[in-house]
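Scroll down for the structure; my scribbles are underneath it.
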Amino acid sequence: MYAVARSFAFDEGTAEDLVQIAWLRLLERVTQVREPESLGQWLCMVVRNEARNRITRRREIPAVFGFDVVIDALVDNEPMETRLIRDERITALRLAFARLGEECQQLLRLLLAEPALSYDEIAAALGRARGSLGPTRRRCLDQLRARLPEGFEI
């Protein structure tokens, strides 16, 4: 299943998400299985369909400015030294964010959208199972942290 997902040129995290979605679909339909010997093919088909849907939906995701809005909201009347430190942190955060894969950027933008979106709305916008959002969010934040300078905390 992982190889099928990677054949669509998705990054490792997205490929893992697609595999997880296939397993979730199986759990949702486990009582409907008629041919257990065909499960492998069916799971690969689910991964293939999810990958195609994701490629199609990628073009339909609305522009959400949540990430920049949150960063820009940090600006207020600060002393010059504090402002310089804040500007350095914002620059580092923006650079790290820009180096994330598109899937992670989209998810984090939607999670930070104003007004806040529900997990169901985010899942629908991304064409993903709701249950995959939490683990994916964790992986995306881990990737973001790994791209930040040493000692930087978010």
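No value in this document is a laboratory result; all are computed from the given coordinates. Everything numeric here is computed off the predicted structure, so don't read it as measured data. FYI the Cβ positions are ideal-geometry reconstructions off the backbone, even for glycines, and counts take in every protein chain you see.
Observations, loosely collected:
- Pair list, Cβ < 6 Å and 6+ apart or interchain, from the range 120-140 residues that are buried (at least 18 other Cβ atoms within 10 Å of the Cβ) to residues that are not in a helix (DSSP H, G or I): A125/I61
- Of the residues in the range 31-43, not one is in a helix (DSSP H, G or I) and closer than 15 Å to S132 by Cα.
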